Amino acid sequence: LIEAQKRNVASMQEAGSIVSKGLQEIAQRQVEMAQKGFEAAIAGAGEFAKAPNPEAGAKCHIAFCQKALETHMANLQELGEIARKTGGEVFEVVNKRFVEGLDEAITGAAAATNGAAKAAPKPKATK
């Protein structure tokens, strides 16, 4: 039983490590995405300032907003994929240990049942 619990803890530690790595990857990508977003905003402001008239400025602003929205949607999809991948890896670890635990329980129950049957007195034959 103690060995089974040690394996349970080891599986949870592995799952925690996978979650931690996934969160680090998401955080790193968010920082990179934010940096690119700021760079794009600065470039967009420069283009907007160069517009010769309000109509051209409005078109520039609309184009910038459309591109920013498309970029943000792609970024969200990428972050979601990282989260999905991480969740799948965690599920694999936990599911594997769960199945192993069930096998251990079945084996233990079978051994206990066989041991109890061997230890039980055999009924005497009646005539």
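Labels on offer are (1) 134; (2) 147; (3) 99, and the one holding volume of the Cα convex hull per residue in Å³ computed from this structure is (3). Per-residue surface analysis assigns residue 72 an accessible area of about 100 Å², computed on protein heavy atoms at 1.4 Å probe radius.
Relative to the longest principal axis of the Cα atoms of the chain, the long axis of helix 2-49 makes an angle of roughly 10 degrees. Accessible area per residue for the chain, computed on protein heavy atoms with a 1.4 Å probe, is 79 Å². Run the accessible area of the chain with a 1.4 Å probe and give the carbon-and-sulfur part as a rounded percent. On the chain, the fraction of accessible area on carbon and sulfur atoms equals 65 percent. Which stretch or stretches of segment 68-106 have amide N atoms under 13 Å from the point lying 7 Å from residue 31's Cα along the Cα→Cβ direction? Answer for this model: none.
The values are calculated or read from the model by the stated rules, or taken from the named source; none is laboratory data. All of these numbers come straight from a predicted model, not from anything done at the bench. FYI the Cβ positions are ideal-geometry reconstructions off the backbone, even for glycines, and counts take in every protein chain you see. Calculation scope for accessible area: heavy atoms of the full protein, side chains included, ligands and nucleic acids excluded. Shrake-Rupley method; radii C 1.70, N 1.55, O 1.52, S 1.80 Å.
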